[in-house]
Amino acid sequence: MEAISINNLSKVYKSGKKALDGLSLTVKESEIFSLLGPNGAGKSTLINILTTYLQPTAGKVSIMGKDVCTEQKSICCLIACVAQKESIDNHLSLKENMLFQSRLYKLDTATANKRMDALIAAFGLKEYEKHRIAAYSGGIKRRLDIAMSMMSFPKILFLDEPTVGMDIESRKAMWDIVKKIKDDFGTTIFLTTHYLEEADMLSDTVCIMQDGHQLVQDTPENLRQHTHQNTIRIDLDSSENQRDFGNWISDLQFVRGIRQEQNTVYANIQNAAQDFHILNQLMMDKQIRYSSIGIVTPSLDDVFLSLTQSKGRSV
Ligand SMILES: Nc1ncnc2c1ncn2[C@@H]1O[C@H](COP(=O)(O)OP(=O)(O)OP(=O)(O)O)[C@@H](O)[C@H]1O
């Protein structure tokens, strides 16, 4: 069974704003699924519909086979959502916070204690039990927040930007925990993130959306492969004017978009084998000075930009 199935979903707010526009996607059971998209793409609207806070305008959405419009109660027992705003009570201890959560789900004491001990061990929280919660770092609080939401053993866990604002150490620790949730508990994880490296490291499937609909959904590896043939890297000589070059290359008919990092320009093109030679020749004719040019292995950033960037806009 698919964990989440979305078919032709639309959401129009009262203001008339169409936030979702014929979105279709599927999330498999026990996978880590990352949703990416520029600001305003419709990610929050989608999560709010999937977690039953918002009603869709049209389309069909099912969670573990249950319809979001007619079976909200059953769905709420199957999912948990960790929003960006933490839900920890600083006046309670770590264990009290977890047990409070278990009462919301009406777990009996023996089950609650068993789950709590398993989660404290799995999330590396044992050493923090004796400390005051107010003294926890943001990363540890986030970890506790996720452990609390796992007390109900949800089938699907929604994580809204789980590592936003964290330093790289805490971010890596969080990645290990997200993988552990999938491996040890078999939970399907649906996460949103603005960090493409994070989506790349964690995800079985990545979906990139824009303007309320899906642009692409695939494994990170396949997405990189997709762009691999379509990205040319040019390292300009420092004497070249980067802005002039950026404008010139953007205007070429076969260039779909560019990304500039100081003297380096990444150009997304239609046909690497053919366009690489044409570009090389045009640059020589124009006597543009560069130290190297080549087809490169793209990062997920290149995939994201090539799909969401309009022609000629540099980032
Ligand atoms: N309650 C609302 N009423 C009217 N328009 C809304 C409402 N909520 C969101 N929108 C609009 O719907 C569109 C999608 O918004 P949404 O918050 O879902 O995008 P997002 O991808 O989560 O963006 P971000 O990454 O900035 O959080 C935006 O144009 C937004 O301004």
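So, in segment 21-36, exactly how many residues are away from the ligand (no atom under 14 Å from the Cβ), out of contact with any Phe, Trp or Tyr (no Cβ under 7 Å at 6 or more places or on another chain) and open to solvent by less than 80 Å² (accessible area, probe 1.4 Å)?
Within segment 21-36, residues that are away from the ligand (no atom under 14 Å from the Cβ), out of contact with any Phe, Trp or Tyr (no Cβ under 7 Å at 6 or more places or on another chain) and open to solvent by less than 80 Å² (accessible area, probe 1.4 Å) number 7.
Do you know which residues across segment 222-279 are surrounded by 17 or more Cβ atoms within 10 Å (Cβ to Cβ) and hydroxyl-bearing (Ser, Thr, Tyr)?
227, 231, 250, 266
Residue by residue through segment 1-20, note down the ones that are within 23 Å of the chain's Cα centre (by Cα), among the small types (Gly, Ala, Ser) and more than 8 Å from the ligand (Cβ to nearest atom).
Within segment 1-20, 3, 5, 10 meet the criteria.
Listed here are the residues, each with its yes/no results for (1) within 16 Å of the ligand (Cβ to nearest atom); (2) among the charged types (D, E, K, R); (3) at pLDDT 90 or above.
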{"site": "197", "(1), (2), (3)": "no, yes, no"}
{"site": "202", "(1), (2), (3)": "no, no, yes"}
{"site": "206", "(1), (2), (3)": "yes, no, yes"}
{"site": "215", "(1), (2), (3)": "yes, no, no"}
{"site": "234", "(1), (2), (3)": "no, no, yes"}
{"site": "238", "(1), (2), (3)": "no, no, no"}
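Residues to consider are 245, 276, 304; find the one that is modelled with pLDDT of 90 or more and outside any loop (DSSP other than H, G, I, E, B).
Selected residue: 245, the only one of 245, 276, 304 that is modelled with pLDDT of 90 or more and outside any loop (DSSP other than H, G, I, E, B).
Restricting the first residue to segment 40-62 and requiring it to be closer than 21 Å to residue 193 by Cα and outside the structural domain of residue 157 (by the TED database), which pairs with a second residue that is away from the ligand (no atom under 12 Å from the Cβ) and modelled with pLDDT of 95 or more meet a Cβ separation below 7 Å and a spacing of at least six or different chains?
Qualifying pairs under 7 Å: none.
Test each condition in (1) out of contact with any strand residue (DSSP E or B) (no Cβ under 8 Å at 6 or more places or on another chain); (2) part of a helix (DSSP H, G or I) for residue 45 and report the one that comes out false.
Among (1) out of contact with any strand residue (DSSP E or B) (no Cβ under 8 Å at 6 or more places or on another chain); (2) part of a helix (DSSP H, G or I), residue 45 violates only (1).
I'd like to check which helices (runs of 4 or more DSSP H) are fully inside segment 71-152 and have at least 3 residues that are small (Gly, Ala, Ser).
The helices (runs of 4 or more DSSP H) meeting that bar are 109-122, 138-149.
The values are calculated or read from the model by the stated rules, or taken from the named source; none is laboratory data. Being a predicted model, the structure only gives us computed values, none of them experimental. Note: ideal-geometry Cβ built from the backbone for every residue, glycine included; neighbour counts use all protein chains shown. Please note that ligands, DNA and RNA were not included when accessible areas were found on the heavy atoms of the full protein model with its side chains. Shrake-Rupley method; radii C 1.70, N 1.55, O 1.52, S 1.80 Å.
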